[in-house]
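J.: Let me give you the structure first, and then I'll get to my questions.
Only the coordinates and a few stated rules stand behind these numbers; no lab work does. Since this is a predicted model, take the numbers as computed values, not measurements. Note that each Cβ is placed from the backbone with ideal geometry, even for glycine, and that neighbours are counted across all protein chains shown.
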Amino acid sequence: MSNQGKVGHLWAFIQEASAKGAVQVTSASVLNKVIFKDKANAAVTRKLTSLFPGLGYAAGYKVLQRIYKYGGQPFVRDYLALHHGDKFDRTFGKGTGKAMMSATAGSIIGIGEIVLLPLDVLKIKRQTNPEAFRGRGVFKIVADEGMGLYRGAGWTAARNAPGSFALFGGSAFAKEYLYKLTDYNTASWAQNFVASIAGASASLLVSAPLDVIKTRIQNRNFDSPESGFKIVGKMMKDEGFSSFFKGLTPKLLMTGPKLVFSFWLAQTLIPAFNKVL
C-alpha cells in the first residue's frame, strides 16, 4: 500500500503541475525540486515521508472503490441479464450484446462511485494542495465543508460513466472476440490479464479529459471553488484542446499497471470464489 500511496502522490502532483504547464525537468536538481518540492534540501528521511501525504485517505478510498466497483459490477450485470438480456441481444447481436451488457453494468456501477467522492477529494487536496487544510483535522473539515466535499460530483460521474464502460467493456470485448469465450468467468488467468490490459487502456484513454477537469476542481482551496464549465472555458482559451490530455503519459505509466493488476486479480478471483461458495 505504501508504494501505491507514493505513486499516487507523484501522479497527482505531476498531473497538477503539467496541467498548469509548470514542469520542465532539465536537470537532476530540477527533478529533485519537482519531486520533493520544499523538502528538496531536507534529510533523506524527511524527503521520503514527504512522498506520502494523504496516504490514509488514498488507502481508504482505493480499498472501498475496488470492493464496490469490482464486487458490484457482476450483480448489476446479472440483473441486466435477467431482466434485459434479450433486449441487448436484439439490439447488438448475441455476442456483442453480452459484451455491451457487461460494459453498461460497469458504467452504472461507476456512476455510483460518487458516494465515495469525499475521500477522493480529501486525498487529492492533501496531495496537491495541502494549504487547503490549514491545520484542520479531517473531522473539522467534514464539519465545516459538509456537502461541499461533493463538489465536482457531476463531473466525477461524467468521468466514471465512460471510464467504467470502457474498462469492463474493453475486457468483455477482448474475451468475446479475441478468445471467443461464451462464459467470461471461464477465462484463464492469462486471458484475464490480456483482457485487463485492454479494458484498463481503453478506460484511461476515454476518461482522460474529464479526469483533468475533475482534478482541477478538486485540488482548489475549499474557500475558492471554481465550476467545471469555467475551468473548461479557461483551458480552451489559455491552453487549447491538447490540455485535456495533459498528464496522460504518466497516468498510463503509473496508474495503468495498478489498474491492470487489480482488475486482473478481481476477474480471476471472483469467479473462483463463486465456485467455492
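J.: Could you identify the single residue in Lys230, Lys275, Lys258, Lys246 that is more than 29 Å from Gly72 (Cα to Cα) and surrounded by fewer than 18 Cβ atoms within 10 Å (Cβ to Cβ)?
T.: Lys230
J.: Does Ser201 satisfy the condition of being in a helix (DSSP H, G or I), crowded, with 22+ Cβ neighbours inside 10 Å and not hydrophobic (A, V, I, L, M, F, W, C)?
T.: In short, no.
J.: Right, Glu145: more than 25 Å from Ile213 (Cβ to Cβ) and either assigned to a helix (DSSP H, G or I) or not charged (D, E, K, R) (or both) or not?
T.: Values: more than 25 Å from Ile213 (Cβ to Cβ): no; either assigned to a helix (DSSP H, G or I) or not charged (D, E, K, R) (or both): yes.
It is false that Glu145 is more than 25 Å from Ile213 (Cβ to Cβ) and either assigned to a helix (DSSP H, G or I) or not charged (D, E, K, R) (or both).
J.: Still on this structure, please answer the following. Within the stretch 253-266, identify whether any single residue is touching a Pro at 6+ places or on another chain (Cβ under 9 Å) and in a helix (DSSP H, G or I), and answer yes or no.
T.: No.
J.: Quick check on Ile124: is it farther than 21 Å from Leu252 by Cα and either of a type in the set (Val, Ile, Thr) or in a helix (DSSP H, G or I) (or both)?
T.: On the way: farther than 21 Å from Leu252 by Cα: no; either of a type in the set (Val, Ile, Thr) or in a helix (DSSP H, G or I) (or both): yes.
Considered against the rule, which asks whether it is farther than 21 Å from Leu252 by Cα and either of a type in the set (Val, Ile, Thr) or in a helix (DSSP H, G or I) (or both), Ile124 comes out as no.
J.: Consider Lys214 carefully, then state whether it is over 16 Å from the mean Cα position of the chain (by Cα) and more than 24 Å from Thr268 (Cα to Cα).
T.: no
J.: Answer yes or no as to whether Ile217 is touching a Pro at 6+ places or on another chain (Cβ under 9 Å) and under 30 Å from Arg136 (Cβ atoms). Can you show your working first?
T.: On the way: touching a Pro at 6+ places or on another chain (Cβ under 9 Å): yes; under 30 Å from Arg136 (Cβ atoms): yes.
Taking the combined requirement at face value, the residue satisfies it.
J.: Sticking with this one: Since Tyr79 meets every condition but one in (1) out of contact with any Asp or Glu (no Cβ under 8 Å at 6 or more places or on another chain); (2) under 19 Å from Val260 (Cα atoms); (3) aromatic (Phe, Trp, Tyr), which condition does it not meet?
T.: Failing condition for Tyr79: (2).
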